[in-house]
Each structure stands twice: as structure tokens, then as C-alpha cells.
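**Student:** A single structure is presented below for examination.
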Amino acid sequence: MPPLPLTAVYQSCEGCFKDDTQSPLRRCSKCLSIAYCSAASQKTDWSRHKSLCKAIASVFEDPLYRAQFVWDDSPSTDLQTNDELWRTIVWFEMETIQKQLKRPLSARERNMFSRQPKCFGCSRTDRIIRFDNSPLCSALKSCPDCRLAFFCSEDHWNAVKHLHTQPLSAAENNVGLSHCEMNQQLRMDLRFQYSDPEARRFLEWAPKRTKTRWERLGSEQVAGGKREGQGKKTCWEEAFSQDLEQVIQGARAMLSLRAASKGLSMPMTILYALQNLNGENESWTKKDTIVVHILGASIKTEVPKKQLFEEILHRLPEVKTLKLILVGPEVDVSDSKPVDMETCPDCGQKGRKWIHQHHIMLYHDFVSRQSTRFEKPDLAIAFNTGASDHGDSWKETMKVLVERKIPSVFTSYNESEALTESRMLREAGATLLAQNQLGPCRNPWGAISLTPEPFQFIGWYGANMWLAGGFKN
Ligand SMILES: [Zn+2]
Ligand SMILES: [Zn+2]
Ligand SMILES: [Zn+2]
Ligand SMILES: [Zn+2]
Ligand SMILES: [Zn+2]
């Protein structure tokens, strides 16, 4: 089982992942970084934690570390300044620890630094408070409602509390919720996804049913039962609540939908992209064969969830064949020849076909190698590319998509990536569709179960959470 994204805030046991509502936890007294539910859990984890624990303790006792930062006693309410200070602190800590350990930190260890609790107003962590004998307090306290926002003193909390409790913008969260409510949602999501035995299957769930006709996809994203969205259904609920009610009941149905949205956002974003690229014209829903190219596909993300793409067939009852071509340096070779995927009995009976093919290469190389055999797809889509970090090869790909007039859509994990990628697309010559259709904007079919940004006090990311842009020519 992967470690809880919350372990670093020592609210779940590092040894067995129980959270602090299931069992009281005690923190490692040497490094204050992690917590355990029992001596037994601590003992099993010690061989893994030992060297890091010692490195942390020695670095923080070093006066050189403490001389790095001047701690302001008055709180700041400017989130951007606070984010910048936090980033500086975390990078400095991680670099110092890496030097000490003479090895790079693992992703899990990096989380221990970037996700450690810190005062919302001044960025003090528990370690800083302890080693600096802060005059303000002896330990961080947490918001009584979400227990995922922290403060060093009542003074600081009173100064910044409003930032935590006021409704956030759509860019930052699921519409209408405050940071505190988002945190409470996160807690419920994690508890469900990690400790409810039924939950695992919903992380890779798609309903086994065929719609009788194509129904246009909504773009309504309101917070269920909250504020202005009172009683209104989100597009996710419209699309899946009925299917879910047949397999899981009550409050767990909504939690399952939130879990399932992480995977289902791929087929649903494909359908939404096709719908918006084709406008009023719905002839694409009646085509014999639909071909989708998935760019930058990877064995970590798209490949293990490929079963979910049958949802495309299930929402397009008139289409006979769905062909998915996954192209990217990180796909596997197992399907380098076209593979007939096993459909559900219903599709099988109707003789519908669902074909997958993988090509391990960059997309622009794929296009040039295919040369005259290149078959223009109905859609080329790139999920969560992080194109802004691997600029040059993505720029090549974007150029080819524009030159060949391939209908294309790019998605991103968050707003800042979407804005960068949208600029890259325009620089490659793309004429983007209206911003409210395919970006840069929030994707109504992005995952609704989100993860806090490690380097921001307020900020979230999620699978396909943003659309960077879409174009036809
Ligand atoms: Zn434990
Ligand atoms: Zn420790
Ligand atoms: Zn503070
Ligand atoms: Zn709170
Ligand atoms: Zn089927």
C-alpha cells in the first residue's frame, strides 16, 4: 500500500498507516517528523527511518541552519510571500539533509519536508519552534475543524484565519468551498480510499452498461449540497450517480465517485474534448470507427487504467470500433501490435471492437515514422503532460499537431501548468478554441478528489484538473 499523502503531517502511523482518529499516535521524539501508533509499528519502521532521523536531528541542532532564517514575530497575510518563504525553507532543508545523507531523498521523504505542518502566518514548523525556543509557543496547534491547517499562536491564527475559512476561487478548488472545507473533504477521501475495504475497486471503476444514445456532457461543477450549489447536481453526479447507486449506497456512493473520478477523468475528458471540438455537429458520435491518440502515455498512468476507456464505447452506442493508440517513451511494449481488448458481454454480443496499440517513442517521431501510413485521429490528447517542465520535445510535438491539423487537447494538473502549456500551444501556431470550452480553464471532467500542492499554503492539483487548450487547425 502506498503511504498516505498525509503521513508527513504525522497524523497517520508511518508503520501501518492508521490515522490518528483510529488510534492515538506518538511522534518520533528525535526528529518530530513522523508518528507511530505503537512501539511495534515504530520498531518495524526504524531500519528505514534511522539514518534520516539522525540526519534531521543533527542538521537542526546546527547553529548554521538556525542562522539561515530570521523568524518574524508578526504574521503575514500575504499568501504569495508565505508560499515563497515556505519554498525557500523546504528547499534549504532538503538540500542540507541530502548533503548529510550523501544521497537524494525519495519522493516519500521529500513529502516529509514539503508537507510538514507550519504556521499559516509565519511558516514556523515544530522543529523550528523546538530548536529556537520560540517565545510565541511550544508547539503548533491545528484548526479544530479540519486539523490540517496549523498555527503557532492565537495571535497568528486570528490574523490569518479568514484566508482559511472564506470560499476560494474556482482556480484553487472545487467551486464554493473554503480551504478548511476542502481539507475536511480530503480527510474523508483519504480515509475512504485507504481504509475502506470496498474503496480500492473504485479507483479503477467504470460502469458495465451501455447508454441507449449519446447524451451531451454537462460542464456544471458545483459543490454538492453547499452554498449556491444547494441541491444542484454536478456533472459527475449527473453522469454516474445512478450507476453507482446500484453498487454502493449512501454517503459512500459520493466518496466512491470521488475516488473513481481520478481514472474516469480520462475517458470523460476524451468525450468532452470531442464534443467541444465538433460543436453542434454530432456526426462524430455515429462514426463507424473512432480513433484517439494518447500522447505521452505512460505505464504509470494510462496503461494500468486502460480498462476504463471502454466507457467511451458505452456512451457512444452507434460507434462500432474504438481504436486507442498510446504513444510515448514510457509506455510498455506488450501491445506494440494492435490488441483486441476484451469487451463487456454486451459489447461482445453486438460485435463491437475495442483496439489498443502502443508505440514507445515521442509523438513527433511516431508521425514521421508512419509517413504516408499516418492515419489522422479524431482526437490527439495529452493528459497531465507537465509539458512546461519538458519543454523542447513537447514543442516539437505541438508543432506537428498544428502542421497536420490534428484535433488536439492538452490537460494539466493545475492552473499554472495549464497557463504555460496554453502559451506553448499558441506559440506553436495553434488557434485555440474559446477559453471556456477547452482552456485554459478548469476541466469539468477533471478528477474531483484533489491533492494539496506541497509548496503552497492554499492550492490543489488533480488528474486532468485543468484544460490547457484545444484546437482543430
Ligand atoms: Zn501503526
Ligand atoms: Zn525520527
Ligand atoms: Zn506563526
Ligand atoms: Zn480548518
Ligand atoms: Zn462494453
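**Student:** Roughly what % of Cα-Cα distances in the stretch 7-165 sit above 21 Å, to the whole percent?
**Tutor:** 47
**Student:** Let me know the Kirkwood hydrodynamic radius for the stretch 253-348, please, with Cα pairs as the basis and the value in Å to one decimal.
**Tutor:** 14.6
**Student:** So, one more: How much mean residue ellipticity at 222 nm does the chain get from its helices, if each DSSP H run of length 4 or more adds -39500 (n - 2.57) and you divide by all residues, to the nearest 500 deg cm²/dmol?
**Tutor:** Helix contribution divided over all residues of the chain: -12000 deg cm²/dmol.
**Student:** In the chain, what % of DSSP beta bridges are antiparallel (nearest 5)?
**Tutor:** Given both bridge residues lie in the chain, the antiparallel proportion sits at roughly 40 percent.
**Student:** Mind checking which of 313, 186, 418 is farthest towards the positive end of the chain's charge dipole, using Cβ charges of +1 (Lys, Arg) and -1 (Asp, Glu) about the Cα centre?
**Tutor:** The one lying farthest along the dipole's positive direction is 313.
**Student:** Applying a 10 Å radius around every beta-carbon, put 449-456, 261-268 in order of their mean neighbour count, most first.
**Tutor:** Highest mean packing first, the order is 261-268, 449-456.
**Student:** Right, something else. What is the log10 of I(q)/I(0) for the chain, computed with the Debye formula using one identical point scatterer on each Cα and no solvent, at q = 0.07, 0.13 Å⁻¹?
**Tutor:** Log10 of I(q)/I(0), two decimals: -0.41, -1.26.
**Student:** Right, next: Exactly which trypsin sites (Lys or Arg not before Pro) in the stretch 45-96 are in a DSSP loop and have at most 11 other Cβ atoms within 10 Å?
**Tutor:** Of the trypsin sites (Lys or Arg not before Pro), not one in the loops of the stretch 45-96 has a Cβ with at most 11 other Cβ atoms within 10 Å.
**Student:** Need the list of lysines near residue 405 for cross-linking: C-alpha distance under 18 angstrom, and skip anything on the same chain fewer than eight residues off.
**Tutor:** Partners found: 376, 395, 472.
**Student:** So, one more: Sorted from largest to smallest, which semi-axis lengths in Å does the alpha carbon gyration tensor of the stretch 346-389 give for its equivalent ellipsoid, taking the root of 5 times each eigenvalue?
**Tutor:** 27, 17, 9
**Student:** With all protein chains present, how much of the accessible area of the chain (probe radius 1.4 Å) comes from carbon and sulfur, to the nearest whole percent?
**Tutor:** 49
**Student:** Another one. Run down the lysines and flag those whose C-alpha is under 17 Å from the C-alpha of residue 337, throwing out any fewer than 8 positions away in its chain.
**Tutor:** In chain and number order, the partners are 306, 323, 353.
**Student:** Another one. Run the numbers for residue 416 and residue 26: contour at 0.36 nm per residue of separation, minus the present Cα-Cα distance, in nm.
**Tutor:** Stretched fully, the residue 416-residue 26 segment lengthens by 136.6 nm.
**Student:** So, one more: Give me the distance in nm between label points sitting 7 Å out from Cα along the Cα-to-Cβ direction at residue 77 and residue 38, one decimal.
**Tutor:** Computed distance between label sites residue 77 and residue 38 equals 4.8 nm.
**Student:** Students often get this wrong, so check it: of 102/399; 232/287; 141/300; 43/118; 211/262, which have C-alpha atoms separated by over 31 Å?
**Tutor:** Listed pairs above 31 Å: 102/399; 232/287; 141/300.
**Student:** Please report the projected area of the stretch 263-471's Cα convex hull averaged over all directions, in nm².
**Tutor:** Mean shadow area of the hull around the Cα atoms is 11.5 nm².
**Student:** Now for a different question. Quick one: of the DSSP bridges fully inside the stretch 263-471, what percent are antiparallel, nearest 5?
**Tutor:** 35
**Student:** Beyond 21 Å, what share of the Cα-Cα pairs of the stretch 352-417 remains, rounded to the nearest whole percent?
**Tutor:** Taking all Cα-Cα pairs of the stretch 352-417, the fraction more than 21 Å apart is 27 percent.
**Student:** By the scheme Lys and Arg +1, Asp and Glu -1, what is the net charge of all other residues having a beta-carbon under 12 Å from that of residue 39?
**Tutor:** Net charge around residue 39: +1.
**Student:** Can you list the GluC sites (Glu not before Pro) in the stretch 283-328 that are in a DSSP coil and have 16 or fewer other beta carbons within 10 angstrom?
**Tutor:** Passing both the DSSP loop test and the Cβ count: 318.
The values are calculated or read from the model by the stated rules, or taken from the named source; none is laboratory data. Just so it is clear, the structure is predicted and the values come from calculations on it, not from any experiment. Note that we place each Cβ from the backbone using ideal geometry, even for glycine, and neighbour counts take in every protein chain shown. Just so you know, the surface numbers come from the protein's heavy atoms only, side chains and all, with ligands and any DNA or RNA stripped out. Shrake-Rupley method; radii C 1.70, N 1.55, O 1.52, S 1.80 Å.
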